[in-house]
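What follows is a single structure, written as structure tokens, with notes after it.
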Amino acid sequence: MTAGEPEARDEEFFADPHPAYRRWREEGGARHVVFPGGVKGWVVTGYAEARAALADPRLRKGAANEAFLRALGRTPPAGGGPASALPAHMLNSDPPDHTRLRKLVTRAFTTRRVAELRPRIEAITTGLLDAMAAAATDEADETDLVESFAMPLPIMVICELLGVPYADRAAFQVRGTGMMTGRDREAFAESARYLTDLVHAKSERPGDDLLSELIRARDDEGRLSEREVISMAFLLLLAGHETTVSLIANGAWALLTHPEQLAALRADPALIPGAVEEFLRWESPVNLATLRYTEEPVVIAGTRIPAGSFVHVALTSANRDADRFAEPDGLDIARDAGGHLAFGHGIHHCLGAPLARLEAGIAFTHLLRRFPGLRLARPGEAPRWYSNARFRGVAALPVRLG
């Protein structure tokens, strides 16, 4: 199967991509698409095809970033500038570089280190909910759950994990929001400068944090360069923050628009771990997996994709494939959502998945317990979603605390 002119997708696609994905799955094959900005690519939508593509070594990562910048008419960051370090992380690399980088980060990002964060995550969560309650009155108990809870919780956790000074955390939240809302170049440049300075400071005064661990990995036998440390910190900041914000926000929106599911979860909090998996499946925080690139012609889902093409694996679509999940458009917190692709698959499977699950479980446990009357402030009003092809997240969620 081949395709002619690509199908254009406009900004409305970001608000609700599901109808298009459903149609593409039914028609089969990989879909030739042009997204806002004018860059053409091929979108893989079916579950089986997406899972295979995520682990396909023919779909390269190392060349994708620079090729994408050139396709946008931008110049890749110069080798000597701080911003040039940001793309050098493991999600933008292929073996053997990827194997080396992931091994070093895995050594620092241990299960023990994540588990040790539980008391601190509990404390941060309680503090945020206390602040929400203190700001509420009977006359004005409306708040934006994204701004007051879903956004600050993950940024405080990832900054604590990385060892970012407390005074700098608000600025990190602004930079992260910039990346989600389209101010990518400005936010990337600011992050590059900050992280470069932070790595230098941690090199001189290391602490008991993940960034110091990465620097020590760099110093042992020279296996991580300064550029790679900066890039890894950037990856952990972005992947460990923005996606968890959307997991919490999307999950809250899902519950508040499905009162029978919310009631079931309130009645049996033991369902929360499974509910988190269902939130990940039903409205995946990552819409399109990180970019892949063909250096030779490949056939995916029966479609011949030429060399020099971008390939987007649609996680949001794959997780609603009826061939994998029964009644996929329905939210069912009691279903077995195991096998969803929200965290990817293969060698690039999300390293921070245990942390995201831990944060979301704690967030929903405390949120529902603290505010039994939590409800939408404007029932029936469609939420505003981030205008971003890569990420899928509710940008604002006005609620009443009850």
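The values are calculated or read from the model by the stated rules, or taken from the named source; none is laboratory data. These figures come from a predicted structure and were not determined experimentally. All Cβ positions, even for glycine, are placed from backbone atoms using ideal geometry, and neighbour counts span all protein chains on display.
When residues in the range 200-211 are screened for being at pLDDT 90 or above and surrounded by 18 or more Cβ atoms within 10 Å (Cβ to Cβ), 1 of them pass. Does T244 count as at negative phi and at pLDDT 90 or above? It is true that T244 is at negative phi and at pLDDT 90 or above. Screening R175, R169, R218 for residues that are touching a Ser or Thr at 6+ places or on another chain (Cβ under 6 Å), modelled with pLDDT under 85 and in a helix (DSSP H, G or I) leaves exactly one candidate, R175.
Let's see how each residue does on (1) closer than 25 Å to P269 by Cβ; (2) free of Cβ contacts under 8 Å to residues at least 60 places away in the same chain; (3) among the polar types (S, T, N, Q):
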site	(1), (2), (3)
I347	no, no, no
C350	no, no, no
A353	yes, yes, no
R357	yes, no, no
G380	no, yes, no
V394	yes, no, no
L397	yes, no, no
G402	yes, no, no
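Being exposed (fewer than 14 other Cβ atoms within 10 Å of the Cβ) and of a type in the set (D, E) is the filter; apply it to the range 294-326 and report the residue that is nearest to L280 (Cα to Cα). Looking at residues that are exposed (fewer than 14 other Cβ atoms within 10 Å of the Cβ) and of a type in the set (D, E), I get D323. Out of contact with any Gly (no Cβ under 9 Å at 6 or more places or on another chain), surrounded by fewer than 21 Cβ atoms within 10 Å (Cβ to Cβ) and assigned to a loop (DSSP other than H, G, I, E, B): does that describe A342? Considered against the rule, which asks whether it is out of contact with any Gly (no Cβ under 9 Å at 6 or more places or on another chain), surrounded by fewer than 21 Cβ atoms within 10 Å (Cβ to Cβ) and assigned to a loop (DSSP other than H, G, I, E, B), A342 comes out as no. Scanning the range 352-402 for residues that are out of contact with any Phe, Trp or Tyr (no Cβ under 9 Å at 6 or more places or on another chain) and hydrophobic (A, V, I, L, M, F, W, C) yields a count of 9. Taken over the range 377-392, the criterion of being of a type in the set (A, V, I, L, M) and over 24 Å from the mean Cα position of the chain (by Cα) is satisfied by A377 alone. The set of residues from the range 119-146 being closer than 30 Å to G207 by Cα and either in contact with an Asp or Glu (Cβ under 7 Å, 6 or more places away or on another chain) or in contact (Cβ under 8 Å) with a residue 40 or more places away in the chain (or both) comprises R120, I121, E122, T125, T126, L129.
Scan the range 34-50 for residues that are over 13 Å from L288 (Cα atoms) and either assigned to a strand (DSSP E or B) or at pLDDT below 95 (or both) and the total you get is 6. The numbered conditions (1) within 21 Å of the chain's Cα centre (by Cα); (2) buried (at least 19 other Cβ atoms within 10 Å of the Cβ); (3) aliphatic (A, V, I, L, M) are all true for I347 except (2).
Across the range 51-69, the qualifying residues are those that are outside any loop (DSSP other than H, G, I, E, B), under 20 Å from the mean Cα position of the chain (by Cα) and of a type in the set (A, V, I, L, M, F, W, C), and the one among them that is surrounded by the most Cβ atoms within 10 Å (Cβ to Cβ) is A53.
Among all positions in the range 114-123, there is no residue which is of a type in the set (G, A, S), at pLDDT below 85 and under 23 Å from M156 (Cα atoms).
The test for being modelled with pLDDT under 80 and either more than 28 Å from R384 (Cβ to Cβ) or in contact with a Gly (Cβ under 9 Å, 6 or more places away or on another chain) (or both) does not hold for D97.
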